Amino acid sequence: MKRKKTPINENIRAKEIRLVSDQGEHFGLVSVEEGIKKAKERELDLVQITDNVIPPVCKIIDYGKYSYEEKKKKKKQEKTSKPQVKSIRLGFSISDHDMEIRAKSAEKFLNDNDSVKVILPLKGRQKALQGVGREKIEKFLQLIQEKQEIKIEKDVAKEPRGLTVTITKK
């Protein structure tokens, strides 16, 4: 996907623009040449802020600072829009209270529309007791289901380091 470059100074194609200064002061409708002249007087750039409005709104600002802020906004927006996979680790000998606390944090993740990957690592002799591990995970899922509906994306699966299950909000 090709990014559209923001028109600045001489690259602005409109004949008339609606001009705003860096302090928010409105100059009204002016010609592009007059806008560029005012920007040069302040040693700043004339940047076209809107595309779809006629006449376009242009602002007298530092273009480097403006593009940096726009990139920062876009990055933050991408970060919040994607659902993430959060993981919660359960211990083989986890107490009921600790399991309830982890269930609350899993609930919080699910309310934020994130997926939750529940991991129960198995070490040494615990690998021989996979049935007990599965029961722990089932109990954990029951705790979450008491408070909200969940959908199991990936069933309880054995992986090299233990058991995992992935869940999402229904």
Taking the beta-carbon count within 10 Å as an exposure proxy, list Asp51, Asp22 from fewest neighbours to most. Asp51, Asp22
Contact order normalised by residue count of the chain, Cα under 8 Å, 6+ apart, percent: 16 percent
per DSSP, antiparallel bridges as share of beta bridges in the stretch 9-79, % nearest 5, sits at 75 percent
What Kirkwood radius, in Å to one decimal, follows from the Cα pairs of the chain? 20.5 Å
Scanning the chain for GluC sites (Glu not before Pro) in DSSP loops with at most 14 other Cβ atoms within 10 Å, what's the longest stretch left with none? 44-148
Between the helical axis of 130-147 and the dominant principal axis of the chain, each derived from Cα atoms, what acute angle in degrees is found, rounded to the nearest 10? 50 degrees
Counting only DSSP beta bridges with both partners in the stretch 1-159, the antiparallel fraction in percent, to the nearest 5, comes to 55 percent
Volume per residue that the Cα convex hull of the stretch 9-79 spans, once the total is divided by residue count, Å³: 94 Å³
Partner lysines whose C-alpha sits under 20 Å from that of Lys127, ignoring same-chain residues fewer than 8 away, are Lys117, Lys136, Lys139, Lys158
Who wins for biggest fluctuation among Lys37, Lys76, Lys117 in a Gaussian network model of the chain, springs between alpha carbons below 10 Å? Lys37
With θ set to phi - 60°, apply the Karplus curve 6.51 cos²θ - 1.76 cosθ + 1.60 along the stretch 60-65 and write out the HN-Hα couplings as whole Hz, x wherever there is a Gly or Pro. 8, 8, 7, 4, x, 5
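Read-outs: derived from the displayed coordinates by stated rules, not from any lab. The shown structure was predicted, so the numbers you read here are calculated from the model rather than taken from an experiment. Don't worry about glycine lacking a Cβ; one is built from the backbone with ideal geometry, like all the others, and counts go over all protein chains shown.
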